[in-house]
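The values are calculated or read from the model by the stated rules, or taken from the named source; none is laboratory data. Being a predicted model, the structure only gives us computed values, none of them experimental. As a convention, Cβ positions derive from the backbone with ideal geometry for all residues, glycine included, and neighbour counts pool all protein chains shown.
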Amino acid sequence: MSKTKKAFKMPHTFVIIIFIILVATLMTWIIPAGKYVRVENAAGVTVIDPTQFS
């Protein structure tokens, strides 16, 4: 038996795009989201402190 190695064939563009979308979706479940600290301003309204992101 002769084993011949097949040449690499690039997958279809839609397959690549769907794979990237699936990986990005999975990463949203793995990587935690950050939060801004909320503080109450002088008017009594709760606002976001842009310097306190964690």
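Here are a few things to note about the model shown:
- Taking first residues from the range 29-48 that are of a type in the set (A, V, I, L, M) and partners that are part of a loop (DSSP other than H, G, I, E, B) and surrounded by fewer than 10 Cβ atoms within 10 Å (Cβ to Cβ), the Cβ contacts under 6 Å between residues at least 6 apart in sequence or on separate chains come to Val47/Asn41.
- Residue under evaluation Phe14, criteria (1) loosely packed, with under 10 Cβ neighbours inside 10 Å; (2) more than 23 Å from the chain's Cα centre (by Cα), criterion not met: (2)
- Of all residues making up the range 29-50, the number that are modelled with pLDDT under 90, within 23 Å of the chain's Cα centre (by Cα) and loosely packed, with under 10 Cβ neighbours inside 10 Å: 5
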